[in-house]
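**Q** Got a structure for you, written out below as structure tokens; questions coming shortly.
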Amino acid sequence: MFFIGIFGVKQGQKEIGTESNVICPECGHLTRLNVIKQSSYFHIFFIPIFRWNVRYFAKTLCCGQLFELNAEAGKEFEEGKSGAISQGDLTRIGPQRRTGLVRCGSCGANVENSYRFCPHCGNHLT
Ligand SMILES: [Zn+2]
Ligand SMILES: [Zn+2]
């Protein structure tokens, strides 16, 4: 028991705050971001000794999309600088939303693939 967890390497994630008034790059809404800091750290007696591999992430509250935040902007945000995060600091992670056209199986019209129903004939698109 005593020897467990005295030192080791861990990866931690913690929410470091919320940034407001950011335009969501995903859906275009004026939104807020939950900013998450992730780092690997070496600890002794549960005290982090040094950290490396620090990365920042941000999750939008509008559509729940996860972005990787530019390290520079993440740092500025952590230092309490207002307006540190702008759209250009966010890199989308996770699956890309496909954009393009699909062909309606019912009427043959080319329809944007974000639609669930064909606007021409009402056919349910899969
Ligand atoms: Zn959004
Ligand atoms: Zn159709």
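The values are calculated or read from the model by the stated rules, or taken from the named source; none is laboratory data. This one's a predicted model, so the numbers in the text were calculated from it and none came from an experiment. We place every Cβ from the backbone using ideal geometry, glycine too, and count neighbours over all the protein chains shown.
**Q** For the stretch 2-55, which positions are free of Cβ contacts under 8 Å to residues at least 12 places away in the same chain and within 15 Å of the chain's Cα centre (by Cα)?
**A** The answer is Gly28, and nothing else.
**Q** Suppose the filter is assigned to a strand (DSSP E or B) and of a type in the set (A, V, I, L, M); does Ile49 pass it?
**A** It is true that Ile49 is assigned to a strand (DSSP E or B) and of a type in the set (A, V, I, L, M).
**Q** Just name the residue that is modelled with the lowest pLDDT out of those in the stretch 71-126 that are within 16 Å of ligand 1 (Cβ to nearest atom) and basic (Lys, Arg).
**A** Here the residue is Arg97.
**Q** When you look at Glu112, is it in the same structural domain as Glu15 (by TED's automatic domain parsing) and loosely packed, with under 15 Cβ neighbours inside 10 Å, yes or no?
**A** Answer is no for this residue.
**Q** Based on what the data block shows, is Leu61 aliphatic (A, V, I, L, M) and either in contact with a Ser or Thr (Cβ under 7 Å, 6 or more places away or on another chain) or modelled with pLDDT of 95 or more (or both)?
**A** Considered against the rule, which asks whether it is aliphatic (A, V, I, L, M) and either in contact with a Ser or Thr (Cβ under 7 Å, 6 or more places away or on another chain) or modelled with pLDDT of 95 or more (or both), Leu61 comes out as yes.
**Q** Go through the stretch 115-126 residue by residue and tally those that are basic (Lys, Arg) and surrounded by 12 or more Cβ atoms within 10 Å (Cβ to Cβ).
**A** Looking only at that region, the number is 0.
Each row is one residue, and each column tells you yes or no for (1) assigned to a strand (DSSP E or B); (2) within 16 Å of ligand 2 (Cβ to nearest atom); (3) over 28 Å from Lys10 (Cβ atoms).
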{"site": "Pro25", "(1), (2), (3)": "no, no, yes"}
{"site": "Arg32", "(1), (2), (3)": "yes, no, yes"}
{"site": "Ile36", "(1), (2), (3)": "yes, no, no"}
{"site": "Asn53", "(1), (2), (3)": "yes, no, no"}
{"site": "Cys62", "(1), (2), (3)": "no, no, yes"}
{"site": "Ala73", "(1), (2), (3)": "no, no, no"}
{"site": "Gly80", "(1), (2), (3)": "no, no, no"}
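**Q** Does any residue of the stretch 28-38 turn out to be under 30 Å from Leu125 (Cβ atoms) and of a type in the set (D, E, K, R)?
**A** no
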